[in-house]
Amino acid sequence: MEEAFDFWIPYLATNFVALLLLYVCIKWYKAGRITFGIIFLIAAGINAFTAINKPAAYLAYEKYTLLDFYEAFITGFFARNTTMIVLSIALGQLLIAAGLLFFRKWTRTAAAGAMAFLIAIAPLGFGSAFPASLIMALAVFMIWRKT
């Protein structure tokens, strides 16, 4: 029971934060852009570190997937190439962060990349705190639209 409780707290908190981010992006474009830039910067660092030091941690997502295709991908190609794939994702997250934080002419492109990433992880289900990633994709859409 305690283990399930420990898992639900971060899940609910992530969904609450996603709703808060949506509100911020609707009301204050610049604050939303900067916040998402920081989130993607931190995610890039964490993913790069984890990919190099503990790549097997990503294989646990297989049990939460909503689509059989994602489960097969995680247990197949992804399992054999985890570090390379996650480092590529981290690079993409770093480029998104740079576009949102520093390069105004790339903000729309960075926002499009962020939306694509957030939608792509939605089928990870509980592992991506579904539906938080879709709510965040909508929040980033608000940034894209206002740019």
**OP:** List every residue pair whose Cβ atoms sit under 6 Å apart, with the two residues 6 or more apart in sequence or on different chains, where the first one lies in the stretch 61-72 and is among the hydrophobic types (A, V, I, L, M, F, W, C) and the second, anywhere, is modelled with pLDDT of 90 or more and surrounded by 15 or more Cβ atoms within 10 Å (Cβ to Cβ).
**Re:** Leu66/Pro123; Leu66/Gly125; Leu67/Pro123
**OP:** Test each condition in (1) over 19 Å from Gly125 (Cα atoms); (2) touching an Asp or Glu at 6+ places or on another chain (Cβ under 8 Å) for Glu71 and report the one that comes out false.
**Re:** (1)
**OP:** Please note which helices (runs of 4 or more DSSP H) are completely contained in the stretch 35-147 and include at least 2 residues that are buried (at least 20 other Cβ atoms within 10 Å of the Cβ).
**Re:** 82-101, 107-121, 132-146
Subject >> Those residues of the stretch 24-80 which are basic (Lys, Arg) and over 30 Å from Trp144 (Cα atoms), in sequence order >> reply: Lys54, Lys63, Arg80
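The values are calculated or read from the model by the stated rules, or taken from the named source; none is laboratory data. Because the structure is predicted, anything quoted here is derived from the model rather than measured. Cβ coordinates were reconstructed from backbone atoms using ideal geometry, including for glycine residues, and neighbour counts include every protein chain displayed.
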